[in-house]
Amino acid sequence: MLLKLRKKAKGFTLIELMIVVAIIGILAAIAIPNFLRYQAKSKQSEAKANLGAIFTSETSYKAEKDTYTQRVSGGVTVLDWAPTGTTRYVYSVLDSLTSTLFTAEASGNIDNDATLDVWRIDQMRTLTNTQNDVTTG
């Protein structure tokens with residue numbers, strides 16, 4: 001008689017469901033921070049691409065004028081470059097002591113914390129991340 005009743009009972013027990021929920025929770029706790037970190041790293045590609053474009057513009061300007069651009073009043077340069085669309089970074093060409101050097105900078109907050117992400121490129125096309133907003137841990 002008990003064997004017949006036991007065969008009709010189908011489904012999962014509460015403990016089995018709780019174990020599955022716990023496993024899903026552990027997997028989510030591991031996956032979500034990694035996903036957010038990879039998402040922030042992908043946002044950094046905007047700065048890299050736009051600083052590369054600034055480098056190209058500066059190189060073209062130097063080929064024509066035999067000098068790199070310098071900032072004039074208000075932080076504006078004579079460089080004919082502007083990013084298109086909505087940007088996550090603010091771009092600027094930093095003041096230089098000579099006309100044979102330039103440094104361009106991109107700074108932005110890509111993951112909504114207090115830390116800024118700062119990238120720089122110079123006349124040798126050296127791209128550096130002076131302040132990293134992407135957490136490593």
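Read-outs throughout are calculated quantities, based only on the coordinates presented, and are distinct from any laboratory measurement. Keep in mind that what you see is a predicted model, and the values were worked out from it rather than measured. Here the Cβ positions follow ideal geometry from the backbone for every residue, glycine too, while neighbour counts run over all protein chains shown.
Summing Lys, Arg as +1 and Asp, Glu as -1, what charge do residues with Cβ under 15 Å from the Cβ of ASN129 carry, ASN129 excluded?
Numbers: positive: ARG37, LYS41, LYS43, LYS48, ARG88, ARG120, ARG125; negative: GLU46, GLU105, ASP111, ASP117, ASP122, ASP133.
My count for the surroundings of ASN129 gives +1.
Which one, THR128, ALA104, ILE23, projects farthest toward the positive side of the charge dipole computed for the chain from Cβ point charges (K/R +1, D/E -1)?
Farthest towards the positive pole: ILE23.
Give me log10 I(q)/I(0) at q = 0.09, 0.16, 0.21, 0.22 Å⁻¹ for the chain, Debye formula, one equal scatterer per alpha-carbon, no solvent.
At q = 0.09, 0.16, 0.21, 0.22 Å⁻¹ the computed log10 ratios are -0.44, -0.87, -1.20, -1.27.
Counting only C-alpha contacts under 8 Å and six or more residues apart, can you give the relative contact order of the stretch 14-131 as a whole percent? Before the final figure, lay out each step's value.
Working: 147 pairs, mean separation 23.3, N = 118.
RCO, the stretch 14-131: 20 percent.
Go ahead and run the numbers for FRET between LEU17 and LYS43, Cβ-Cβ distance against an R0 of 30 Å, rounding to 0.05. Walk me through the intermediate numbers first.
Values: r = 38 Å, r/R0 = 1.27.
Efficiency computed from Cβ-Cβ geometry: 0.20.
Using 0.36 nm per residue of separation minus the Cα-Cα distance, give me the extension gain between ASP95 and PHE35 in nm, one decimal. Before the final figure, lay out each step's value.
Details: separation 60, 0.36 × 60 = 21.60 nm, distance 3.74 nm.
Extending this stretch completely gives an extra 17.9 nm.
Nearest 20 debye, what's the magnitude of the dipole of the chain about its Cα centre given +1 on Lys and Arg Cβ and -1 on Asp and Glu Cβ?
On the way: 15 positive and 13 negative charges, 303 e Å.
Dipole size: approximately 1460 debye.
Any chance you could run the full-extension gain for ASN109 through LEU27? It's 0.36 nm times the residue separation minus the Cα-Cα distance, nm to one decimal.
Details: separation 82, 0.36 × 82 = 29.52 nm, distance 2.80 nm.
Full-extension gain reported as 26.7 nm.
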